[in-house]
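Here, each number is a calculation from the coordinates, and none is a lab measurement. Please read all numbers here as calculations on a predicted model, not as lab measurements. Here Cβ is always computed from backbone atoms with ideal geometry, including for glycine, and neighbour counts include all displayed protein chains.
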Amino acid sequence: MNDAGVATKGDSFDAQIVQETFQTNFYGTIELSEKMIPNINKNGKIITVGGLVRNSNRLTSDQLKSSFKDPNITKSQLFDFAKLF
């Protein structure tokens, strides 16, 4: 199970903070998962725990909501969403 992440609290919120947060919470999670895959049993699973920030109800676009919930989303599409943010 992966339960590592960062969240910045305070008055400052800028591009640097977004970059550091994405590097840990998004790209770091993907990197860790990809490195663990060869060590997982055939029926094993990777479980990533997320906080309330990931709540899709906070998304205002119905198209974006459905895209994130698509079970067939590709890694490339996911990375494209991250770049848009």
query = Among all the lysines, which ones have a C-alpha under 19 Å from K45's C-alpha, if same-chain residues fewer than 8 places away are not counted?
reply = K35, K69, K75
task = Return the distance in nm (one decimal) between the two label points of a simple spin-label model at N43 and F26, each offset 7 Å from Cα along Cα→Cβ.
result = 3.5
